[in-house]
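The values are calculated or read from the model by the stated rules, or taken from the named source; none is laboratory data. Just so it is clear, the model here is predicted, and its values are computed rather than measured. Note that each Cβ is placed from the backbone with ideal geometry, even for glycine, and that neighbours are counted across all protein chains shown.
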Amino acid sequence: MDMMWRLIFTLIFLLNIYSETFSFPLKPSNTPQRIVSLGPSLTEELYLLGVEDKIVGVTVYCNRPKEAQDKEKVGTVIKVDVERIISLKPDLLLATTLSDPAQMKKIRSLGIKVVTFPSCRNFSEICEQFLKLGKITGREEKAREIIG
């Protein structure tokens, strides 16, 4: 029984750490105004949330919706042009686990908030990611409405 409590405690502890990865304090004053998206699915979700006017940069693979093709290109999902990203003056960079960790570290060191999303493996994780993106962008209610 003692082992079971240790396991439960460890699981709760790890879940708490995992949830902190996505924490982003939300007040109207710190809702992102200039977003760079390094994930095609993330870019699509930003459009669904209605914050396309805040997107200042995307990857060459971000081609949906069609309007995303007109956004400034910052590289690929894996390798980005850090200087170009800096020139766009983003206050938030949305990355994936495919993004180069060294480049993300450099971008963070310049004071740019970087949020990394893991690859989704099922529908539930897609919904969870969408809700987190809604929270980060100040559109949590819209995200909940879309998910239903």
Quick one: Arg144 ticks every box in (1) modelled with pLDDT of 95 or more; (2) over 17 Å from Val36 (Cβ atoms); (3) not in a helix (DSSP H, G or I) bar one, so which box is it?
(3)
Restricted to region 106-127 and to residues being surrounded by 11 or more Cβ atoms within 10 Å (Cβ to Cβ) and of a type in the set (S, T, N, Q), the residue farthest from Ile86 (Cα to Cα) is Ser119
Over region 84-116, the set of residues assigned to a loop (DSSP other than H, G, I, E, B) and β-branched (Val, Ile, Thr) is Thr97, Ile112
Of the conditions (1) small (Gly, Ala, Ser); (2) at pLDDT below 95; (3) within 15 Å of Leu93 (Cβ to Cβ), Ser29 satisfies every one except a single condition; which number is it?
(3)
For region 117-141, name all the residues that are in a helix (DSSP H, G or I), within 21 Å of Val77 (Cα to Cα) and among the aromatic types (Phe, Trp, Tyr).
Phe130
Take the conditions within 13 Å of Ser37 (Cβ to Cβ) and in contact (Cβ under 8 Å) with a residue 60 or more places away in the chain and apply them to Leu88. Does it pass?
no
Take Lys54 and tell me if it is of a type in the set (Lys, Arg) and at pLDDT 95 or above.
yes
Could you count how many residues in region 97-128 are closer than 20 Å to Gly138 by Cα and in contact with a Leu (Cβ under 9 Å, 6 or more places away or on another chain)?
6
In region 55-72, which residue that is in contact with a helix residue (DSSP H, G or I) (Cβ under 8 Å, 6 or more places away or on another chain) and assigned to a strand (DSSP E or B) is surrounded by the most Cβ atoms within 10 Å (Cβ to Cβ)?
Val58
